[in-house]
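Undergrad: The structure's right below; bear with me while I get my questions together.
The values are calculated or read from the model by the stated rules, or taken from the named source; none is laboratory data. The shown structure was predicted, so the numbers you read here are calculated from the model rather than taken from an experiment. Because the Cβ atoms are built from the backbone with ideal geometry, glycine has one as well, and the counts that use them run over all protein chains shown.
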Amino acid sequence: MQISTHQNILKPSLWKIYFLESKTETLRMLRTPGFSVPTLLFPVMFYTFFGIIFTMNAATMPTYLMVTYGVFGVIGPALFSFGVGIAVDRGQGWFDIKEVSPMPASAYIFARIVLTFLFSLAIVMLLFFMGAVFADVELLRSQWLLIALILLLGSLPFCVIGMTLGLFLKSSSAPATVNLIYLPMGFLSGLWIPITLFPDVMQLIANFLPPYHLAQIALKVIDMDVGANLWLHIGVLLTYTIVFIILANRAYNKKDKK
Amino acid sequence: MQQNRQIKIASINNVSKKFQEKYALIDVSMDIYQGEVLSILGPNGAGKTTLINMMLGRLSLKEGEIAIFGLQPGVIELKRQCGAMLQVSGLPDMLTVKEHVQLFQSYYTTPMQYDKVIELAGLESIQNQYSKNLSGGQKQRLLFALSICGNPRLLFLDEPSVGMDINARKSLWRTITELKKQGTSIVLTTHYLQEADQLSDRIIMLNQGRIIHQGTPNEIKSSINSRKISFISSASIDQFVNLQSDNTIECSGKYYEIQSTDTVQTLKQIFAITDDISDLSVTRAALEDAFLLLNKESEQ
C-alpha cells in the first residue's frame, strides 16, 4: 500500500492575496453606503458644530478640536471595521469558511487595516479641509503632515482592540457594544471637550484611556498637550496594543468554541 | 478504481472527542483513499459534523491521531490541498460571484481555471450578481465553487445539496463524479440517502459517536439479508401465520408484504399454503431500509 503525502512546496503569492483581499474588503464596504457614509461624516459633522459653529474660543478651539476629532475619527473605523466586521462574519459562519480555506490569517488582518487606513485618511482630510477653510486653522506644512501620520498610525492599537472585541462579541450585540465603548471612551479622553476643563478625578481617569494618549501625542505637534512625556503616551499605547494582541491571539486560537 | 484504492491519503486512528462531559466521537478509525467518494451518514447528533471539523482542524485533537497527506489537520500546507463546503447562513452581501471565486482562487498554489470552476458549479448566468441577490440554491452552488476552485486533492462537502432543486442536485452529482474521476477524494455528509447511494464508493455510518457500520453501498444494503416479498392474494392472513418466526408480515387488503431472510424457503412455504398468488416480486432492501435497521440495532 502506498501512502500519499503532500507534495506542494510552491506557495501562492502572498502579496497577490493581500492585494485581492484588501480590494474585495474595500469594495464590500464602498457598496454598503449605509455604513460607510455615516462613519465618514460623523466626526466631521461634530467638529463643524462644536469646533467651528459653536466654538467657545475662536483662537485656539478650532485647531485643538480638529486634532482631537481627528483622533475620534480614526478610532471609529478601527473599532467598527474590526469589532463589528469580524463579529458579523463570525455570526454568519463566513469566518469559518475563511478559516478552513488556505487564506493566511495575516491577509484578513492586512485587508482590514488597509480599509481602516482608507477611512481614517478620508476622515482626517475632511477635518483638515473644514478646519483650514472654515475655521482659519493655520499650521506649518510639516505639522499638517505629522498630525495626519500620527493619527493614521495611531489607529493601529484600536484595530487590535477592535479585533479582540470582534472575536469575543456576538454579531447581534456587537454594534451596540462597540458604540458603548467608543463614545464614552472618546468623551472621557477629552476628545470633545479639552481635558483641562475636566475635574481632577476625570483627568486622572483619562490617563488610563488609550484615545487620551493618542490625542496628547498629536497635540504635542502644535504645543497644545498637557506637557507629559512623549514616551509615557507611546508606552501606554504600546502596552494596550500588546495586551490586546495577546487576547486576540488567544481568542482566535481557542478551539472547540461551539 | 482498483488501483486508486491502493493509495491512502488520510488515516484517522482511534479518535475520540469529548465536549464537556459528553463524548461526540468514540474511538473512530477510518482511512480515506485517493479518488473515492466517502459518505458519512447518521442521524442528527451522530457526530458527522464533529468528525469533519476534526479533520479540518477546527476542533482540538486530544485522543487519537489524524494524518492527511502526512500532515496535521489545520496546517496551511494541508489547507492548500483541501477544499471545504460548510453550512453557512450568510455570505458577504455586496460581492459578486466572480469576485468571491477569484479571491478564493488566489489562496491556492495551482487553482482551477476560473471558467471551469464556473462551469462545474453551474454559475455561468450569475457570475456578476451580488451574493445578496442569490437564491438559497445559488448560494450553495457558490459555496461549492469556492470549495473546488483550488483544485483540491481532498474535498469536504457538508450537506452540499441542502436547498438545491432536483436539477441543481443532479448537476452537483455529475460534478462530484467528474472530480472523482480526476482523482479527487471527496468526503460527503448528507441527509439524502439516494445521494449517498448513487455517489459513494464507501459509506461510514455513525451513530452516537461510533462507527456502527462501514462498507460499499451494496455491502451495507446486503448486510441486511432480508428481502421483501410482495404479492396479491385473496387468502386470509391467518393462513400465513405459520411461516418461519423471523418473518414479518404486513397485509393491507389483498396486498401482502413479507420480510424474509431466506427467500427461497419462505416462497416454498407460501406456495404450500396457497396457489392464489399474483403480482409476485422479491426486492432487496433499499439503503434507507438498511440505514433505519442498522441504526435501530445499534441503539438497542
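Undergrad: Going through the range B:177-229 one residue at a time, which ones are more than 30 Å from residue B:120 (Cβ to Cβ), hydroxyl-bearing (Ser, Thr, Tyr) and surrounded by fewer than 16 Cβ atoms within 10 Å (Cβ to Cβ)?
TA: Within the range B:177-229, B:222, B:223 meet the criteria.
Undergrad: Moving on to the next point. Only one of A:227, A:190 is over 15 Å from the mean Cα position of the chain (by Cα), on the phi > 0 side of the Ramachandran plot and crowded, with 20+ Cβ neighbours inside 10 Å. Can you tell me which?
TA: Criteria check complete, one pass: A:190.
Undergrad: Moving on. Go through the range A:14-61 and count every residue that is farther than 29 Å from residue B:92 by Cα and either within 14 Å of chain B (Cβ to nearest Cβ) or part of a helix (DSSP H, G or I) (or both).
TA: Of the residues in the range A:14-61, 10 are farther than 29 Å from residue B:92 by Cα and either within 14 Å of chain B (Cβ to nearest Cβ) or part of a helix (DSSP H, G or I) (or both).
Matching residues to (1) crowded, with 20+ Cβ neighbours inside 10 Å; (2) in contact with a strand residue (DSSP E or B) (Cβ under 9 Å, 6 or more places away or on another chain); (3) at positive phi; (4) at pLDDT below 95:
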{"residue": "A:69", "(1), (2), (3), (4)": "yes, no, no, no"}
{"residue": "A:72", "(1), (2), (3), (4)": "yes, no, no, no"}
{"residue": "A:81", "(1), (2), (3), (4)": "yes, no, no, yes"}
{"residue": "A:84", "(1), (2), (3), (4)": "yes, no, no, yes"}
{"residue": "A:100", "(1), (2), (3), (4)": "yes, yes, no, yes"}
{"residue": "A:104", "(1), (2), (3), (4)": "no, no, no, yes"}
{"residue": "A:114", "(1), (2), (3), (4)": "no, no, no, no"}
{"residue": "A:121", "(1), (2), (3), (4)": "no, no, no, no"}
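Undergrad: I would also like to ask the following. How many of the residues making up the range B:214-244 are within 15 Å of the chain's Cα centre (by Cα) and either on the phi > 0 side of the Ramachandran plot or basic (Lys, Arg) (or both)?
TA: Qualifying residue count for the region: 2.
Undergrad: Pick out the one residue from B:131, B:89, B:106, B:135 that is more than 13 Å from chain A (Cβ to nearest Cβ), of a type in the set (Ser, Thr, Tyr) and over 30 Å from residue B:27 (Cα atoms).
TA: Among B:131, B:89, B:106, B:135, only B:135 is more than 13 Å from chain A (Cβ to nearest Cβ), of a type in the set (Ser, Thr, Tyr) and over 30 Å from residue B:27 (Cα atoms).
Undergrad: Taking the range B:83-100, which residues are within 26 Å of the chain's Cα centre (by Cα) and among the aliphatic types (A, V, I, L, M)?
TA: B:84, B:85, B:86, B:88, B:91
Undergrad: Could you tell me which residue of the range A:78-120 is farthest from residue B:139 (Cα to Cα), considering only residues that are out of contact with any Cys (no Cβ under 9 Å at 6 or more places or on another chain) and more than 14 Å from chain B (Cβ to nearest Cβ)?
TA: If we take residues in the range A:78-120 being out of contact with any Cys (no Cβ under 9 Å at 6 or more places or on another chain) and more than 14 Å from chain B (Cβ to nearest Cβ), then A:120 is farthest from residue B:139 (Cα to Cα).
Undergrad: May I ask you to verify whether residue B:198 is among the polar types (S, T, N, Q) and either within 14 Å of chain A (Cβ to nearest Cβ) or out of contact with any Phe, Trp or Tyr (no Cβ under 8 Å at 6 or more places or on another chain) (or both)?
TA: no
Undergrad: Okay, moving on. Which numbered condition in (1) surrounded by fewer than 20 Cβ atoms within 10 Å (Cβ to Cβ); (2) at pLDDT 95 or above; (3) within 13 Å of chain B (Cβ to nearest Cβ) is the only one that residue A:125 fails?
TA: (3)
Undergrad: Quick check: is even one residue across the range B:168-180 free of Cβ contacts under 8 Å to residues at least 12 places away in the same chain and away from chain A (no Cβ under 12 Å)?
TA: yes
Undergrad: If you don't mind, another one. Of the residues A:220, A:170, which single one is over 14 Å from the mean Cα position of the chain (by Cα) and touching a residue at least 24 places away in the same chain (Cβ under 8 Å)?
TA: Checking each option against the conditions leaves just A:170.
Undergrad: Name the residue, out of A:139, A:180, A:151, that is of a type in the set (A, V, I, L, M), surrounded by 23 or more Cβ atoms within 10 Å (Cβ to Cβ) and more than 26 Å from residue B:93 (Cα to Cα).
TA: Exactly one of A:139, A:180, A:151 is of a type in the set (A, V, I, L, M), surrounded by 23 or more Cβ atoms within 10 Å (Cβ to Cβ) and more than 26 Å from residue B:93 (Cα to Cα), namely A:151.
Undergrad: Of the numbered conditions (1) modelled with pLDDT of 95 or more; (2) at positive phi, residue A:216 fails exactly one; give the number of that condition.
TA: (2)
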